[in-house]
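K.L.:
To start, I am sharing the structure in question, which I have written as structure tokens.
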Amino acid sequence: MTPPADPLSPDAPLPNPLPRPEGEVEKLKEIWKTPFGWRFPTVVNNNWIGVLYVGTALLFFVLAGILALVMRLQLAVPGNAILDHETYNQFFTTHGTIMMFLFAVPAMEAMGVYLLPAMLAARDLPFPRLSAYAYWAYLIGGLFFFGSLFFGLAPNTGWYMYPPLTSKPYSPGINADFWLLGIGFIEISAIAGAIEIIVGILRNRAPGMTLARMPLFCWAMLVFAAMIVFAFPAIIWATILLELERAFDWPFFLPDRGGDPLLWQHLFWFFGHPEVYIIFLPAAGMVSMIIPTMARTPLVGYGLVAMALVATGFLSFGLWVHHMYTTGIPQLSLSFFSSASFAVTVPTGVQVFAWLATLAVGRRVTLNVPTLYMLGFLFIFVLGGLTGVMVAVVPFDWQAHDTYFIVAHLHYVLIGGMVFPLLGALYYWAPTAGRKLSDRLGRWSFWLLFGGINLTFFPMHLSGLRGMPRRVYTYPSGMGLEWPNLISSIGAFVAAVGVACVVVDLLRNFRMETGGGGGGNPWSAGTLEWLPNDTYAARSIPRVHGREPLWENPRLTEEVEQGRHFLPGTVTGRRETIVTSPVAAVPQYVQVIPGPSWAHVVAAAGTAGLFTMLTIQLVWLALAFGALAVLATLWWLWTGTDYGPLRDDAEIGGGLRVPVYLAGPDSTAWWAMIVLLLVDGTVFACLLFTHGFLWLVNPEGWPPPGTPLPHAVWPLFSAMGYTGSAVLLWLADRALGHGRAGVILPAVLLALPLLLLGFGADLWGYWSAGLRPTTHSFASSVYANLFWQGLHAAIVFVMALYLAARRLAGMVDPVRRVTFDCVRLFWLYAATQGLAGLVLTHLVPHALR
Amino acid sequence: MEVRGFAPIKAAVAGMVVWAVHFGIVYGITGIACERGYGTRILLGQPLIPALVLAATALALLFVGWIVVSAYRRLDSELSGEDGEDGPQFTVWLTLAIALLSALAILWEGIPVLLVHPCA
Ligand code: HEM
Ligand SMILES: [Cu+2]
């Protein structure tokens with residue numbers, strides 16, 4: 001087979017000739033049909049999941065907004081009695097938590113799920129059931145969390161949940177557990193979505209869409225998802241520790257037994273500060289898409305903006321301690337964070353200048369609704385940024401810390417930086433689903449919101465400087481606080497009317513017209529999401545030569561519609577999507593992807609049930625739900641992954657023949673597993689940090705003198721178990737590479753007990769020596785490591801049995817080996833982590849003694 | 001043009017990875033030394049913390065310099081590609097831009113050690 005002349009080059013003829021075979025489109029329609037009626041929840045099409053996802057995020061925005069209105073009503077005049085002290089605490093905690101965790105992050109993820117496939121011109125992202133799972137888990141878990149408010153059980157300690165306030169002695173009820181388990185669970189959903197987004201952006205771009213031609217929204221979402229991968233593990237780990245402390249009295253944060261509440265603050269803000277940028281980056285990506293369209297010119301400084309996005313992603317991790325200025329951290333350490341705070345303003349400034357320059361060089365900008373929101377964004381965000389610089393100055397922060405000045409700053413940044421771009425984006429992209437939203441309602445909403453927000457939050461700077469602390473349910477008269485507060489409250493209601501306009505507009509005018517080809521390209525935009533689309537996305541997958549393909553080739557829409565680009569039909573008779581290389585976007589294979597199913601819906605419900613039942617302490621029911629979730633996940637994997645080579649290879653156009661199945665490091669499954677292991681590794685890094693930090697604050701010894709420690713044979717046994725199981729898997733991999741599938745079953749059945757033995761020996765060693773997790777933070781850290789390792793052993797246990805069953809069913813062989821590879825990667829990781837844990841809990845303390 | 005490779009993406013973020021490691025190290029050094037009361041120790045005639053922080057900073061800058069130089073070489077050798085800003089040049093350019101910003105950030109982290117009393 002001689003390779004044809006590069007079919008991706010602009011000079012090559014269009015990949016597929018006319019006329020197209022009879023029935024090609026009908027077949028696509030049939031395969032990608034949306035399930036209707038009672039089967040609708042099984043839907044996996046990204047456009048439907050995306051729209052449901054955005055809608056749910058907006059629902060939470062409105063719910064949290066209503067809480068804010070009640071709070072503002074309470075604060076309108078001094079000494080008001082609508083909310084008592086306790087209820088006010090629950091309100092602001094729930095408001096902040098919902099806005100941050102159930103609205104802001106999910107809304108951005110939702111926009112990604114909805115827009116990315118269209119923007120990349122992929123039929124769908126590689127794991128459609130994963131994003132559907134993320135959505136259902138989020139919906140169920142989120143509603144349950146909100147419901148806690150009606151029973152007076154909502155968390156009441158502020159959205160960052162500082163211990164010791166959240167420790168058992170001060171928060172004996174289950175309010176804090178609602179936060180810990182409810183939010184911890186939402187994070188899992190966010191991570192699931194992030195994996196889909198990362199792999200999708202890197203591997204599902206249209207042929208020829210090199211990194212350099214990728215729309216900036218995709219860059220932003222890539223950084224966004226990568227940040228979730230590295231930031232969310234910190235909060236997951238922190239919640240695990242706090243929950244272990246609350247449930248079993250393991251003293252991680254209790255100073256009388258060697259714990260330290262600062263540990264929570266470190267872990268929380270290592271997540272919490274990047275969180276602000278996690279919210280902001282996708283919004284910036286949206287702005288970078290909308291402004292060029294409205295100015296009818298490519299964005300000025302595309303490369304600089306891409307660089308700024310990547311740099312922001314990194315630098316924002318260097319800022320966590322700037323929320324802890326007042327907690328007695330060494331001066332020099334604080335200066336590192338101040339430096340990072342200033343460094344991060346460089347990329348932000350770069351983006352602001354790129355947007356302004358684009359508006360300046362663009363042709364006459366029409367002041368339509370999306371543009372208005374963009375201008376509002378720039379105005380409010382820059383103002384918020386200025387107060388941010390003030391807050392970043394250390395001495396000023398000591399003054400403003402915990403006053404309404406901070407409340408004002410935080411809302412300017414969040415509303416300016418995220419809500420305005422999001423609303424602009426809704427108006428901008430609504431036509432890709434069906435038709436335009438109302439221009440009139442849009443304008444009303446903008447001006448009401450813009451006025452209302454400034455009216456609400458500008459006076460708060462003043463009340464803050466006059467000394468009004470945050471998180472108080474009322475204030476005395478005669479301190480000059482009456483006027484600012486009354487104006488704030490009026491402003492909040494003005495803004496609420498603005499939000500109501502958006503909601504009414506969406507209800508009246510938003511339509512999903514799948515099959516109708518979308519609402520055309522009303523803004524004459526240049527990127528691929530404006531191609532006519534259907535349930536199967538674009539009719540054929542365009543060959544891309546630049547950043548604004550629709551501007552560069554005015555006939556592209558027509559060519560794509562005629563089916564003259566890649567993969568105009570189906571080659572396997574199933575749902576499929578083209579997988580391309582990560583940098584150059586050269587087609588590598590056609591991946592078969594799963595269709596509608598109940599499996600992932602049940603899995604999501606089971607996971608949600610597990611966490612909610614744990615919260616209300618019905619342990620047996622929780623375990624039942626957990627088992628349901630595991631079974632449903634296995635059913636989902638069994639029916640929806642690793643289809644094997646349904647045929648040898650297929651031509652997708654332009655003489656390009658690619659396989660329809662691929663195992664090994666180029667497969668999307670491998671990539672997803674690697675991303676998952678990055679998440680996992682980051683959790684483990686947090687575990688290392690936990691040990692290191694607690695060692696540091698326990699100068700009397702780590703372990704403290706007199707701690708019972710196991711005999712050395714136990715860790716040695718354990719190390720042998722881990723090593724043995726890893727070696728066996730490595731051998732099985734080699735044998736499979738040589739075509740000997742018969743080794744899989746014996747290898748797995750031997751390696752599994754070895755791994756379990758490795759874990760068991762370590763656990764037994766500590767337990768039999770008499771070490772108990774409740775005695776001291778050293779012991780609880782040791783058991784935290786065992787807890788985490790035990791979880792991995794349990795997962796490997798399930799995976800190994802699943803792999804064995806697949807093998808017995810004849811679904812694993814030297815070619816069809818994606819399942820084997822994924823299990824192997826996770827298993828090797830678990831064994832390595834086990835060994836690292838042994839070093840951490842046995843060798844390191846020994847060496848330090 | 002390399003078809004499969006992920007390497008250009010790794011190279012592109014390399015500068016920021018150096019920044020992150022540097023940040024972790026200097027923060028760790030300061031935190032540990034101050035907590036354990038080594039703030040006034042002297043090492044080889046130099047105050048301990050500033051010496052270590054400056055050494056780490058110099059080392060990090062060397063790494064970034066190396067990233068810049070090797071990217072610059074690739075820029076030369078691939079200049080023949082006709083893709084211009086659109087092609088492999090872009091990732092090389094990105095590598096350079098990110099590395100330069102990282103160098104700035106590293107420098108910014110290192111300098112305060114000359115101005116601030118470490119453990120106050
Ligand atoms: C018109 C819209 C909004 C109004 C009127 C509003 C009002 C309030 C009020 C009254 C508080 C309590 C202040 C205190 O007592 O200390 C608060 C706190 C907070 N709000 Fe909002 N808010 C709005 C929108 C948002 C949005 C869009 C977000 C995030 C995306 C957000 C995030 C937060 C956070 C994180 C807190 C802090 C909660 C805590 O102290 O634990 N808010 N807001
Ligand atoms: Cu911050």
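K.L.:
With contacts defined as alpha carbon pairs under 8 Å and 6 or more residues apart, what's the relative contact order of segment A:44-503 in percent?
P.N.:
Numbers: 687 pairs, mean separation 75.1, N = 460.
This gives 16 percent for segment A:44-503.
K.L.:
When the chain is fully extended, how far beyond the present Cα-Cα distance does A:LEU367 get from A:HIS401, taking 0.36 nm per residue of separation?
P.N.:
Result: 8.3 nm gained on full extension.
K.L.:
Give the calculated FRET efficiency between A:ILE82 and A:GLU482 to the nearest 0.05, with a Förster radius of 25 Å applied to their Cβ-Cβ distance. Show your work: numbers first, answer last.
P.N.:
Numbers: r = 17 Å, r/R0 = 0.66.
Once rounded, the FRET efficiency stands at 0.90.
K.L.:
Which percent of the accessible area of the protein assembly as shown is formed by carbon and sulfur heavy atoms (probe 1.4 angstrom)?
P.N.:
Carbon and sulfur: 71 percent of the exposed surface of the protein assembly as shown.
K.L.:
With the dipole of segment B:7-114 worked out from charges on the C-beta (+1 for Lys and Arg, -1 for Asp and Glu) around the Cα centre, which of B:PHE63, B:VAL53, B:PHE23 lies farthest toward the positive end?
P.N.:
The residue sitting farthest along the positive end of the dipole is B:VAL53.
K.L.:
For segment A:57-124 and segment A:367-388, what is the separation of their Cα centres, given in Å?
P.N.:
Result: 20 Å between the Cα centres.
K.L.:
Express the relative contact order of chain A as a whole percentage, based on alpha carbon pairs under 8 Å and six or more residues apart in sequence. Present the calculation step by step, with values, prior to reporting the outcome.
P.N.:
Working: 1421 pairs, mean separation 141.9, N = 849.
About 17 percent, as a whole number.
K.L.:
Taking a temperature of 10 °C and a viscosity of 1.306 mPa s, what whole-number D in µm²/s does Stokes-Einstein yield for segment A:128-257 with Rh from Kirkwood over alpha carbon pairs? Write down the numbers at each step before the final one.
P.N.:
Values: Rh = 16.8 Å.
This corresponds to a translational diffusion coefficient of 95 µm²/s.
K.L.:
Here is a further query. Starting at the first residue of segment A:244-250, write each ³J(HN,Hα) from the Karplus equation 6.51 cos²θ - 1.76 cosθ + 1.60 with θ = phi - 60°, in whole Hz, x for Gly and Pro.
P.N.:
Whole-Hz 3J(HN,Hα) from phi for segment A:244-250: 4, 5, 5, 7, 10, 6, 8.
K.L.:
Okay, next question. Can you tell which of A:ILE279, A:LEU448, A:PRO484 lies farthest toward the positive end of the dipole of segment A:44-503, using +1 and -1 charges on the Cβ of basic and acidic side chains (Lys, Arg; Asp, Glu)?
P.N.:
Among A:ILE279, A:LEU448, A:PRO484, the one farthest towards the positive end of the dipole of segment A:44-503 is A:LEU448.
K.L.:
Please report, in whole Å, how far the alpha carbons of segment A:405-525 spread along each principal axis, starting with the longest.
P.N.:
62, 21, 21
K.L.:
With every protein chain kept in place and ligands, DNA and RNA left out, what is the accessible area per residue of segment A:108-238? Probe 1.4 Å, answer in Å².
P.N.:
Values: 2430 Å² over 131 residues.
That works out to 19 Å² per residue.
K.L.:
Per residue, how big is the convex hull of segment B:7-114 when only Cα atoms are used? Give it in Å³. Mind showing how you got there, number by number?
P.N.:
Values: hull volume 9.9 nm³, N = 108.
In segment B:7-114, the Cα convex hull volume per residue is 91 Å³.
K.L.:
Between chains A and B, what is the buried accessible area in Å², counting both sides, with a 1.4 Å probe and ligands, DNA and RNA left out, to the nearest 100?
P.N.:
Roughly 3800 Å².
K.L.:
Reachable aspartates and glutamates from A:LYS168, Cα under 12 Å, same-chain residues fewer than 8 places away excluded?
P.N.:
A:ASP177, A:GLU243, A:GLU245, A:ASP249
K.L.:
Then there is this: Near A:LYS29, which lysines are there with a Cα under 27 Å away, not counting those fewer than 8 places off in the same chain?
P.N.:
Counting by Cα, and skipping residues close in sequence, A:LYS29 has these lysines nearby: A:LYS436.
K.L.:
Which semi-axis lengths, in whole Å and largest first, follow from the square roots of five times the eigenvalues of the Cα gyration tensor of segment A:44-503?
P.N.:
Numbers: eigenvalues 220, 137, 102 Å².
Equivalent-ellipsoid dimensions as semi-axes: 33, 26, 23 Å.
K.L.:
I've got another one for you. Would you calculate the separation in nanometres between label points at A:LEU750 and A:LEU507, each defined as 7 Å from the Cα along the Cα-to-beta-carbon direction?
P.N.:
6.7
K.L.:
Count charges around A:ALA134 for me, please; just the other residues with Cβ under 15 Å from its Cβ, Lys/Arg as +1, Asp/Glu as -1. Can you show the working numbers first?
P.N.:
Numbers: positive: A:ARG129; negative: A:GLU109, A:ASP124, A:GLU187, A:GLU196.
Neighbourhood net charge equals -3.
K.L.:
Charges at C-beta only: +1 for Lys and Arg, -1 for Asp and Glu. How large is the resulting dipole of the protein assembly as shown about its Cα centre, in Debye rounded to 20?
P.N.:
Details: 50 positive and 53 negative charges, 117 e Å.
Roughly 560 debye for the protein assembly as shown.
K.L.:
For the pair B:LEU54 and A:VAL727, what calculated FRET efficiency results from E = 1/(1 + (r/R0)^6), where r is the Cβ-Cβ distance and R0 = 35 Å, to the nearest 0.05?
P.N.:
On the way: r = 45 Å, r/R0 = 1.27.
My answer for the efficiency is 0.20.
K.L.:
Taking 22 Å as R0, compute the FRET efficiency from the Cβ-Cβ separation of B:PHE6 and B:SER70 and round it to 0.05.
P.N.:
Numbers: r = 17 Å, r/R0 = 0.77.
My answer for the efficiency is 0.85.
K.L.:
How high is the relative contact order of segment A:133-215, given as a whole-number percent (alpha carbon pairs under 8 Å, six or more residues apart)? Mind dumping the intermediate values first?
P.N.:
Numbers: 46 pairs, mean separation 30.5, N = 83.
Computed over segment A:133-215, the figure is 37 percent.
K.L.:
For segment A:679-848, treating each Cα as an identical point scatterer without solvent, what Debye log10 I(q)/I(0) comes out at q = 0.09, 0.11, 0.14, 0.17 1/Å?
P.N.:
Cα-only, vacuum Debye calculation for segment A:679-848: -0.35, -0.50, -0.73, -0.95.
K.L.:
Here's a follow-up. Keeping all protein chains in place, calculate the accessible area per residue for segment B:1-61 (probe 1.4 angstrom), answer in Å². Don't jump to the answer; show the numbers that get you there.
P.N.:
On the way: 3130 Å² over 61 residues.
I get 51 Å² per residue for segment B:1-61.
K.L.:
Dipole size in debye (nearest 20) for segment B:7-114 around its Cα centre, Lys and Arg Cβ +1, Asp and Glu Cβ -1? Before the final figure, lay out each step's value.
P.N.:
On the way: 5 positive and 8 negative charges, 139 e Å.
For this selection, approximately 660 debye.
K.L.:
Still on this structure, please answer the following. Size of the dipole of segment A:44-503 about the Cα centre, Lys and Arg at +1 and Asp and Glu at -1 on the beta carbon, nothing else charged, in debye to 20?
P.N.:
Values: 19 positive and 17 negative charges, 331 e Å.
That gives segment A:44-503 a dipole magnitude of about 1580 debye.
K.L.:
Hey, can you list the residues from segment A:533-577 whose accessible area shrinks by 40 Å² or more with all protein chains present, relative to the chain by itself (probe 1.4 Å, no ligands or nucleic acids)?
P.N.:
Correct list: A:ARG547.
K.L.:
Hey, another quick one. Which one, A:PHE826, A:GLY760, A:LEU808, is farthest towards the positive end of the dipole of segment A:679-848 when Lys and Arg carry +1 and Asp and Glu -1 on their Cβ?
P.N.:
A:LEU808
K.L.:
Which three semi-axes in whole Å describe the equivalent ellipsoid of chain A, each the square root of 5 times a Cα gyration tensor eigenvalue, listed largest first? Spell out each step's value before the answer.
P.N.:
Numbers: eigenvalues 339, 314, 105 Å².
The answer is 41, 40, 23 Å, longest axis first.
The values are calculated or read from the model by the stated rules, or taken from the named source; none is laboratory data. Owing to the predicted nature of the structure, the values given are computational and were not obtained by experimental measurement. Cβ sites come from the backbone with ideal geometry, for glycine too, and all protein chains shown count toward neighbours. Surface accessibility is based on the protein's heavy atoms, side chains included, excluding ligands, DNA and RNA. Shrake-Rupley method; radii C 1.70, N 1.55, O 1.52, S 1.80 Å.
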